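Below is one structure, written out as structure tokens; the observations come after it.
The values are calculated or read from the model by the stated rules, or taken from the named source; none is laboratory data. Being a predicted model, the structure only gives us computed values, none of them experimental. All Cβ positions, even for glycine, are placed from backbone atoms using ideal geometry, and neighbour counts span all protein chains on display. The area values use the complete protein model at the heavy-atom level, side chains included, leaving out ligands, DNA and RNA. Shrake-Rupley method; radii C 1.70, N 1.55, O 1.52, S 1.80 Å.
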Amino acid sequence: MQKERLNQNMAIRREQLNQRSERENGLSLAVDVLVIGGGPAGTWAAWSAAAQGARVALVDKGYCGASGAAAPSGNTLWYSPPDPEQREMAVISREARNEGLSDRTWMSRVLNQTYTGLHALEDWGYPFPLDDQGQVYRRSLQGPEYMRLMRKQVKRAGVQILDHSPALELLISADGLVAGAAGIRRQVGDRASRDGINRWWIKAGAVVIASGGCAFLSKALGCNVLTGDGYLMAVEAGAELSGMEFSNVYGIVPTFASVTKNAFYRWATFTHEDGTPIEGANAGKGRPLIARALSTQPVYAQINRADETTQAMMRLAQPNFFLPFDRAGINPFTQRFPITLRLEGTVRGTGGIRIVDSTCATSVPGLFAAGDAATRELVCGGASGGGSLNAAWAISSGTWAGEAAAQFATVLGNTDDRPAFRLGGATLRSTPASTTQTLQEFIQAVQAEVFPYDRNLFRSESVLQGSLARLNTLWQEISSFTASDSQALQARETAAMIATARWMYATALARKESRGMHKREDYPHTDPQQTHRLVAHGLDHIWVTPEPQLATEDLFIREVATL
């Protein structure tokens, strides 16, 4: 059945490719490596590829160095000096939370690469502070300074950056290799084009998707550009996803703010509206308790367990956390404030594009994945990577993917003149419209399935099946939505969010247990027989397989992907 579906998908894709033309108005480039995404993972990938001597272009939906989840915030880091005992302790402490799905070899590799990367940052001029003993403290990065420096280094390495230039679809060559991408330029120079649309078309010997995760436009800080676009593009090319059931992280946030940095709530007391404490609530396992309370009444927090020294350190480490309080005239250490939970999806979750080897290659030749766009199960298991592991993973996976992409392109040789075809499906095909819904109605409909706690946080068979049925209908309708030029980006974002939600819930249905952040009301216990990763395949028709079973078919999948 799986082989039949793969063959059907490839036949459909081949038919679509034959209908597409290589001609495109706008900017046309040819490079060795194209990086999609300008956050930490994307900039590390671009720098790493350029360091191999490759011609590199980087496209960002926003402004590289200022957009995305990392840029506006402080970022903790999973960092350990190269001391065997400290490294072992770092791995063991994380393994206890990963519930059997992480890989110790990958975790060690990430620690090694993060150590190397942070020392490179120091050499480039990042102003790491000193601790109480006068030693350089490398366990956190301030997003603005970090990403400003990364943009500077990427440009210094010769990378061509296209800001405000979202990718809409991948390109593929006649022999089945990923061959670049196509998208739009929302600004040309300092001025928008006359109709708001100026297209780009970049051929490349290899592509790195580092476009981040999906937070479903939940208004979490820095997540407005994170709508799962990379997942959609990768699956359209034939890639798979892994760990998509681990995608229901909700961040604690004041009702009047968007900053979902949760570390400081370890020092908080959570109370009902009448001031009664919510017993057991904290920033980690207590979030379900907070969610249940929020289902019936307002919930308040007060960071009243931090002493003066800790308070001063908090303000230094995360200044933007306090800006909303200062503007509202609230002292969070002495006053209660109303909170809610804001979905961060796969941004703080674990799921993403499945990688098949140590280079962060996907199962599609010429396509690599890094950062939150890739699965983080190998280092996080079913637990959230939060800021620290995700930040370390971005440095590491970006470095590996960029280097491997450059090497892949080198082996291919000059591919500037090879024909390349567009792969995009939903909202990009010219088909008769069979829906009267607006894009905003589509967005509201998918948010109605993923935002509610009783659908996404507290999961059960019947609820998941109901949501998935409605999402499948939405997918059929958005697939026939013909977007105008001015709607192109929002339409693709909407399609990506709907597709991401379908992969999440299809995989959640397949994992009939509670593990990590995935909690099933009807299967409340962890099943030792399900200590395996789940892989989601397909787009119009989704199916899920355990990774150990898939391993014997890897060669077959690679062969099909190159048809």
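For this structure, a couple of remarks:
- Members of 155/203; 61/519; 61/203; 203/261; 219/512 lying beyond 29 Å, as alpha-carbon distances in this model show: 61/519; 203/261; 219/512
- Counting only alpha carbon atoms, the long axis of helix 308-317 and the longest principal axis of the chain meet at about 10°.
- The accessible-area ordering, largest first, of the residues 504, 89 stands as 89, 504, per a 1.4 angstrom probe.
- Counted charge near residue 428, where neighbours are those whose Cβ lies closer than 9 Å (Asp, Glu -1; Lys, Arg +1): +2
- Local electrostatic count, residue 409, Cβ distance below 13 Å [Lys/Arg +1, Asp/Glu -1]: 0
- Working note: Cα gyration tensor of the chain, eigenvalues times five, square-rooted, sorted largest first, giving semi-axes of 35, 28, 24 Å.
- Computed from phi, the 3J(HN,Hα) profile of segment 329-341 under the Karplus parametrisation 6.51, -1.76, 1.60 (θ = phi - 60°) reads x, 10, 9, x, 7, 10, 10, 6, 9, x, 10, 9, 10 Hz, with x in place of Gly and Pro.
- Between amide H atoms placed 1.01 Å from N, distances below 5 Å from residue 515 occur with 520, all of them 5 or more places distant or on a separate chain.
- Hydrodynamic radius of segment 137-191 per Kirkwood, over alpha carbon pairs, in Å: 14.3 Å
- Ordering 169, 403 by accessible surface, largest first, gives 403, 169; the 1.4 Å probe counts only protein heavy atoms, with every chain in place.
- Take the Cα of residue 327, step 7 Å toward its Cβ, do the same at residue 148, and the gap between the two points is 2.0 nm.
- Sum of side-chain charges, residue 496 neighbourhood, beta-carbon under 14 Å (Lys, Arg +1; Asp, Glu -1): -2
- Chymotrypsin sites (Phe, Trp or Tyr not before Pro) restricted to DSSP loop in segment 220-292 with at most 16 other C-beta within 10 Å: 256
- When 101, 217, 468 are compared by accessible area of protein heavy atoms, the largest-first order is 217, 468, 101, using a 1.4 Å probe.
- Projecting the Cα atoms of 301, 367, 322 onto the charge dipole of segment 273-383, computed from C-beta unit charges around the Cα centre, puts 367 farthest toward the positive end.
- Whole-Å distance, taken between Cα centres, linking segment 260-279 and segment 444-518: 30 Å
- Between residue 101 and 382, the built amide H atoms are under 5 Å apart, and every one of these is 5 or more places off in sequence or on another chain.
- Based on the convex hull around the alpha carbon atoms, segment 255-320 presents an average projected area of 4.8 nm².
- Amide H within-cut-off set for residue 343, under 5 Å, with H built and near neighbours excluded: 251
- Computed from Cα positions, the angle between helix 40-51 and the longest principal axis of the chain comes to roughly 50 degrees.
- Qualifying aspartates and glutamates (Cα of each under 20 Å from Cα of residue 152; at least 8 residues distant if same chain): 60, 122, 123, 163, 190, 403
- Oblate is the label for segment 350-484. Its Cα gyration tensor axes, ordered a ≥ b ≥ c, give a/c of at least 1.5 and b/c at or above a/b.
- Shown in residue order for segment 218-231 are the 3J(HN,Hα) couplings computed by the Karplus curve 6.51 cos²θ - 1.76 cosθ + 1.60 at θ = phi - 60°: 7, 6, 5, 4, x, 9, 5, 9, 9, 10, x, 4, x, 4 Hz (x for Gly and Pro).
- Probe 1.4 Å, protein heavy atoms only - accessible area per residue of the chain in square angstrom: 40 Å²
- Helix-derived mean residue ellipticity, 222 nm - over the chain, DSSP H n ≥ 4, -39500 (n - 2.57), to 500: -12000 deg cm²/dmol
- Between helix 143-156 and the chain there is an angle of about 30 degrees, using the helix long axis and the longest principal axis of the Cα atoms.
- Phi-based couplings in Hz for segment 173-179 (Karplus 6.51, -1.76, 1.60; Gly and Pro marked x): 8, 5, 9, x, 8, 4, 10
- Share antiparallel - DSSP beta bridges, the chain, percent rounded to 5: 70 percent
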